[in-house]
Amino acid sequence: MAVAVARSRGRARPKRRAAAQRRTAGGAVWIVLMGILLAGVVALNVAVLRLNLQFDELARERDKLRAESAELASQLATRSASARTSSLARLRLGYQPADPATTTYLDLGNR
């Protein structure tokens, strides 16, 4: 019987070593998987940060263009004012306002 006990103990050690090696290999696989997942999260955060920077730049450009558009609209309104137009017609082209006494009007409502 003593011989049988010694033999069974000798056989149990390689099984324990194999189980420990499998556990170690399984742990290493989990560590690699977690590392890959963390790298993916970091890469995703970097991509989102870059997109946010581009979005901020585009928003600044949009605001600048809106301000320029408002300024151009103001200039257009100023330049199309009737008083300014009539003064330019008088000064540059020599036009004079029509005399209301010599102006005739047609009534087109009774056709």
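Things to note:
- Hits in the stretch 90-111 - residues which are modelled with pLDDT under 85 and in contact with a helix residue (DSSP H, G or I) (Cβ under 8 Å, 6 or more places away or on another chain): P97
- R50 meets the conditions (1) modelled with pLDDT of 95 or more; (2) in contact with a Phe, Trp or Tyr (Cβ under 6 Å, 6 or more places away or on another chain) in every case but one. The failed one is (2).
- Checked across the stretch 92-110, the condition of being surrounded by 10 or more Cβ atoms within 10 Å (Cβ to Cβ), in a helix (DSSP H, G or I) and either in contact with a Pro (Cβ under 6 Å, 6 or more places away or on another chain) or of a type in the set (A, V, I, L, M, F, W, C) (or both) holds for no residue.
The values are calculated or read from the model by the stated rules, or taken from the named source; none is laboratory data. The model shown is predicted, which means the values in this text are computed figures rather than measured ones. Note that each Cβ is placed from the backbone with ideal geometry, even for glycine, and that neighbours are counted across all protein chains shown.
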